[in-house]
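Below: the structure, in structure tokens.
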Amino acid sequence: MLRQDTIAAVATPFGMSGIGIIRISGPEAFEIIRRIFHPSNENCPWESHHLYHGDITSADGKTILDEVLISYMRKPRSFTGEDVIEINCHGNPVIIQSIITQLQELGCRLARPGEFSKRAFLNGRLDLSQAEALAAMISAKSAKACAIGLAQLKGSLRKEIEELRLLLIDALAMLEAAIDFTEDTSAEKIPDIPPQINQALERMQSLLSSYLSARVYTEGVNVIITGKPNVGKSSLLNALTGKKKAIVTDIPGTTRDLITDTINIGGIPVNLMDTAGIREPQNAIEKEGISLVWENLANADVVILMLDVSKPLTDEDKIIIDKNKSGGIIVTINKMDLPQAWGIKTIEKLFPPEAKFLEISAKSGNGLKELKNTIMNLFVSNEIKNTGSAMITNMRHKLAIEKAFKNIQNAKESIANGMSAEFAAFDLREALDNLDEITGKKINDEILDKIFSSFCIGK
Ligand SMILES: Nc1nc2c(ncn2[C@@H]2O[C@H](COP(=O)(O)OP(=O)(O)OP(=O)(O)O)[C@@H](O)[C@H]2O)c(=O)[nH]1
Ligand SMILES: [Mg+2]
């Protein structure tokens with residue numbers, strides 16, 4: 001399906017750079033560019049998939065706007081499946097804007113976010129899961145997340161979905177044979193559970209568990225530092241990020257707002273959050289700050305609970321310990337460079353068995369390497385080593401697989417309960433539709449628009 005109008009957008013970030021790229025796609029792309037591009041080679045052959053050097057001028061040919069390189073990709077062998085021209089001009093916003101203005105005057109419309117990818121999808125160049133992988137790859141925060149996106153772009157998920165579809169179609173064929181038999185003989189034939197059903201369920205289960213492990217690399221993990229005032233939370237944030245992100249003083253109650261930064265630990269993006277020290281608030285600002293801590297503690301993947309070893313433990317410490325009894329806790333015993341008022345044995349029994357304990361000094365840096373390793377080991381999983389195998393990283397895909405999984409389970413149950421094969425066949429067809437939502441074979445326009453509108457402009 002070819003769209004009618006011709007679109008243009010800047011594909012590189014706004015700002016000064018060596019080169020900026022403007023993309024044009026659509027039926028008029030070639031005609032429009034020929035009106036303002038003057039190749040250095042007068043006998044320009046205009047072969048597809050070649051680069052041409054020359055000047056871009058205003059439409060009347062009087063003003064040279066820039067010296068550029070142009071690539072020409074004739075349909076259908078282009079990203080969008082339409083005629084595509086890419087202008088490599090100099091990366092100055094003034095130059096780029098002057099070229100864009102010319103293109104608009106000659107009939108190009110400015111592309112909406114994700115419109116190039118949407119055209120690629122509508123023209124069958126990518127399926128929906130690949131288009132989404134492309135967007136995920138562009139916004140990936142770690143090398144692993146890039147690798148997962150690339151594998152999906154190359155079709156790892158599409159292939160897995162296709163194989164799951166084939167399993168369901170085979171199972172459906174077996175059920176339909178049983179239905180035909182019933183119609184011919186009026187005797188109810190209860191089918192066995194087709195083996196493909198269990199195979200499909202197993203493969204979906206492993207796709208679903210890949211979501212959890214891949215999410216660590218794609219979204220990162222949220223680590224919150226909590227403790228009473230003055231224990232050294234902000235000092236730890238600064239030490240881990242290597243920056244002076246948070247103000248550190250010896251006055252308890254220094255931090256009020258949430259202070260965040262992302263660091264990379266073993267390829268995992270770790271979103272660190274420093275917080276206000278928890279105590280009976282002494283004013284309205286501190287009260288607000290402390291209530292933010294309670295809210296954010298609930299969403300954290302890991303809580304670093306900090307205690308100051310140089311001073312006796314207080315009731316304030318005990319309140320925080322009591323509120324953090326669930327999993328994912330790293331207890332950091334800070335200020336180990338000072339004389340110690342208590343030992344690790346005093347507190348061990350107050351925490352659940354899976355809690356980790358580390359003695360550190362945010363000031364000297366001792367123990368920080370172990371802290372980073374501890375965070376990493378909580379999340380590194382073996383499943384993720386082979387990024388080429390099918391994985392899901394996208395919430396939409398996860399929900400669709402969950403729905404398909406449920407429908408297949410329903411089919412299995414109704415066969416096991418001796419119900420007519422028609423019920424199971426109905427559920428399997430629903431499951432097929434759920435899988436087709438992922439690749440975009442069956443999807444409504446509203447959802448499509450929503451998906452592509454979250455992409456960047458020029459992609
Ligand atoms: N000796 C020593 N002092 C430390 C260490 N970590 C932090 N401090 C000192 O403890 C004081 C409080 O540090 P902060 O990092 O501001 O403590 P905080 O927990 O963020 O405090 P609030 O923001 O008030 O909740 C400062 O004087 C730091 O220099 C440490 O490992 N050893
Ligand atoms: Mg602080």
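Numerical summary
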| item | result |
| --- | --- |
| Fraction of the pair-distance distribution of the chain above 43 Å, Cα-Cα pairs, percent | 40 |
| Linear extension gain, Ala341 paired with Phe423, 0.36 nm per residue minus alpha-carbon span | 22.6 nm |
| Percent antiparallel among DSSP beta bridges (both partners in the chain, rounded to 5) | 60 |
| Backbone N within region 297-312 under 20 Å of label point (7 Å from Leu258 Cα along the Cβ vector) | 297-306 |
| Fraction in percent of alpha-carbon pairs per bin - 5 Å, region 373-455 | 3, 13, 15, 15, 14, 13, 12, 9, 5, 2, 0, 0 |
| Residues of region 77-120 with amide N under 20 Å of a point placed 7 Å along Cα→Cβ from Ser58 | 90, 92-108 |
| Once the Cα gyration tensor of region 7-122 is diagonalised, semi-axes √(5λ) in Å | 20, 17, 13 |
| Point-to-point label distance, Asp322-Leu110, nm (Cα→Cβ direction, 7 Å offset) | 5.8 |
| The chain: DSSP helices with Cα axial extent of at least 24 Å and average Kyte-Doolittle hydropathy no lower than -1.0 | 156-185, 195-218, 395-416, 421-439 |
| Calculated Rg and Dmax of region 255-301 using C-alpha coordinates, Å | 12.6, 41 |
| Diffusion coefficient, µm² s⁻¹, Stokes-Einstein with Kirkwood Rh over alpha-carbon pairs of region 220-362 at 10 °C and 1.306 mPa s | 105 |
| Thr249 versus Glu176: modelled label distance in nm, points set 7 Å from Cα along the beta carbon direction | 7.6 |
| Extension reserve of the Lys369-Ala143 stretch, reckoned as 0.36 nm per residue once the Cα distance is removed | 79.2 nm |
| Segments 193-205, 34-46 sorted - mean Cβ within 10 Å per residue, highest first | 193-205, 34-46 |
| Rounded percent of accessible protein surface that carbon and sulfur make up, the chain, 1.4 Å probe | 53 |
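The values are calculated or read from the model by the stated rules, or taken from the named source; none is laboratory data. Because the structure is predicted, anything quoted here is derived from the model rather than measured. Neighbour counts run over all protein chains shown; Cβ positions are idealised from the backbone, glycine included. When the accessible area is computed, the model is the full protein with side chains, heavy atoms only, and any ligands, DNA or RNA have been set aside. Shrake-Rupley method; radii C 1.70, N 1.55, O 1.52, S 1.80 Å.
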